[in-house]
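The next block holds one structure in the form of structure tokens; read it before the comments.
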Amino acid sequence: MELPLLQVVFLVLLIALPVVSKKVEHNLELFFLAMAVVGATLEGIWSLHLIEEALLHPVAVYQPGLGYLPIGIVQVVLAAGLVFYALRHRMAKAADVLARPGVVALLIFVLGLSSSAISAIVAAAVLAELLGFADAPHGYKARAAVYGAFAIGAGAALLPIGEPLSTIAVAKLKQGFFYLVHVLFDAVFIVVLFFALYAYFTLKRLRAAEVEVEPYEPELREVFLRAAKVFIFIFALTILGEFFKPIAEAVAELGKEVLYVFGLLSAVADNATLVAALVGPEMAVDALRAFLVSLVLSGGLTIPGNVPNIVLAGVLKIGFKEWIRLAAPVGLAVLAAMGIYVLVLVPHPVL
């Protein structure tokens, strides 16, 4: 297998530069946009169709048979921000309750499992705003956000209305509405339950420490700026997903073990595009199961890896390096453990 050099170089730069440069980290959306434009230009992949998709993905959701519906991540993030801004005084009264480890863990579990029905965007926006109002220090909220993002990203894969990954997978497979529930539910339930429990025990230890809490005071200007940043991010990730397709083509004919490792690309590329490039009716169910589990877990490792990460990091002001520092140890451990589960122990659906 020969990987395309240009894509490999860009992959390294997308991960390394935000880590070594504070200027890049603080302007992450513009950095990813610049890399997407340069990559698409060097690869010669610009087309009206790509530009149309990049413009639509932030503000619309594709549903097979219906086309693009005007309910996108930008509108949801903006609406949630405006609603919670209007309720900010009431929410402040519940600040102590929202900071309790048990409450946070329950939120992660419920939003994780329901995200496929209410969408990952809505689940992440709700969790982000509730954590914002919690009477807890930044480090406490950041950990809760990272663990919640893993749970929401996994849970949203169950139904085609949960996130673009599942929407495209069901369409490409030509299967019914609940097909991915059959294929993934046991693995998703394990992941969501683990991160809810991990959040509880981790936050319980942090809660015991006396740390100064910075009050959360949402500003109307920040609400609109956050929505604009999300638009730029999703626009850039759509183009990068197309740019990274040659890597997907290089591994398309390899086994499920290679596909599982390949899913790590989801940390910096649009996982829906990777699904569109690799998933089809001819894919064996065990390979599909392994690939999708890898994608949703790998997507939690960095801020650009998944939509919930972008939303939570934006609201709670979590930096690129901070996200990786909190997500990588537990995320890679769970990725390895679930690899054993879906590749060796339970390679086929149990429902």
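The values are calculated or read from the model by the stated rules, or taken from the named source; none is laboratory data. None of these values were measured; they are calculated from a predicted model. Glycine gets a Cβ as well: all are built from the backbone with ideal geometry, and neighbour counts include every protein chain shown.
Could you grab me the full set of residues in the stretch 84-94 that are crowded, with 19+ Cβ neighbours inside 10 Å and over 23 Å from the mean Cα position of the chain (by Cα)? Residue satisfying the conditions is MET91 alone. Every test in (1) buried (at least 22 other Cβ atoms within 10 Å of the Cβ); (2) in contact with a Phe, Trp or Tyr (Cβ under 8 Å, 6 or more places away or on another chain); (3) at pLDDT 90 or above is passed by PRO160 save one, and that test is (3). Looking at this structure, is VAL296 assigned to a helix (DSSP H, G or I) and either under 12 Å from the mean Cα position of the chain (by Cα) or hydroxyl-bearing (Ser, Thr, Tyr) (or both)? Yes, satisfied. Can you name the residue in the stretch 95-105 that is in contact (Cβ under 8 Å) with a residue 24 or more places away in the chain and closer than 23 Å to ILE121 by Cβ and, of all such residues, is surrounded by the fewest Cβ atoms within 10 Å (Cβ to Cβ)? My answer is LEU98. Determine, yes or no, whether GLY112 is out of contact with any His (no Cβ under 8 Å at 6 or more places or on another chain), under 30 Å from HIS348 (Cβ atoms) and not in a helix (DSSP H, G or I). Against the criterion (out of contact with any His (no Cβ under 8 Å at 6 or more places or on another chain), under 30 Å from HIS348 (Cβ atoms) and not in a helix (DSSP H, G or I)), GLY112 does not qualify. Would you be able to say whether some residue in the stretch 302-313 is touching a residue at least 12 places away in the same chain (Cβ under 8 Å), within 27 Å of LYS229 (Cβ to Cβ) and in a loop (DSSP other than H, G, I, E, B)? The answer is yes, given that some residue of the stretch 302-313 is touching a residue at least 12 places away in the same chain (Cβ under 8 Å), within 27 Å of LYS229 (Cβ to Cβ) and in a loop (DSSP other than H, G, I, E, B). Restricting attention to the stretch 80-91, the residues that are touching a residue at least 24 places away in the same chain (Cβ under 8 Å) and out of contact with any Asp or Glu (no Cβ under 9 Å at 6 or more places or on another chain) total 1. Of all the residues in the stretch 269-291, those that are among the aliphatic types (A, V, I, L, M), within 23 Å of ALA125 (Cα to Cα) and crowded, with 24+ Cβ neighbours inside 10 Å number 1. Where helices (runs of 4 or more DSSP H) fall wholly inside the stretch 8-92, the ranges with 1 or more residues that are more than 21 Å from ILE121 (Cα to Cα) are 22-26, 28-43, 48-56. Candidates in the stretch 332-351 are the residues that are in a helix (DSSP H, G or I) and among the β-branched types (Val, Ile, Thr); of these, the one that is nearest to the chain's Cα centre (by Cα) is VAL334.
With the requirement that a residue be more than 30 Å from MET283 (Cβ to Cβ) and crowded, with 21+ Cβ neighbours inside 10 Å, what does the stretch 317-351 give you? Hits for the stretch 317-351 are ILE318, PHE320, TRP323.
Residues in the stretch 201-211 that are over 11 Å from TYR140 (Cα atoms) and at pLDDT 95 or above: PHE201 alone. Taking every residue in the stretch 116-140 that is at pLDDT below 90 and surrounded by fewer than 22 Cβ atoms within 10 Å (Cβ to Cβ) and pairing it with any residue that is outside any helix (DSSP H, G or I) and not hydroxyl-bearing (Ser, Thr, Tyr), at least 6 positions away or on another chain, the pairs with Cβ-Cβ distances below 6 Å are ASP135/ALA99; ASP135/VAL213.
Of ILE318, ILE324, ILE310, all but one fail to be touching a His at 6+ places or on another chain (Cβ under 9 Å) and closer than 27 Å to GLY81 by Cα; the exception is ILE318.
Contact map, the stretch 23-47: residues that are more than 30 Å from ILE318 (Cα to Cα) and touching a residue at least 40 places away in the same chain (Cβ under 8 Å) paired with residues that are buried (at least 19 other Cβ atoms within 10 Å of the Cβ) and not β-branched (Val, Ile, Thr), Cβ distance under 9 Å, separation 6+ or inter-chain. Pairs shown: GLU43/GLN7; GLU43/GLU242; GLU43/PHE243; ILE45/GLY39; ILE45/GLU242; ILE45/PHE243; ILE45/LYS245.
Does any residue of the stretch 220-236 turn out to be at pLDDT below 80, surrounded by fewer than 23 Cβ atoms within 10 Å (Cβ to Cβ) and within 30 Å of TRP46 (Cβ to Cβ)? No: zero hits.
Checking GLU242, GLU257 one by one, the residue that is under 16 Å from PHE10 (Cβ atoms) and touching a helix residue (DSSP H, G or I) at 6+ places or on another chain (Cβ under 9 Å) is GLU242 and no other.
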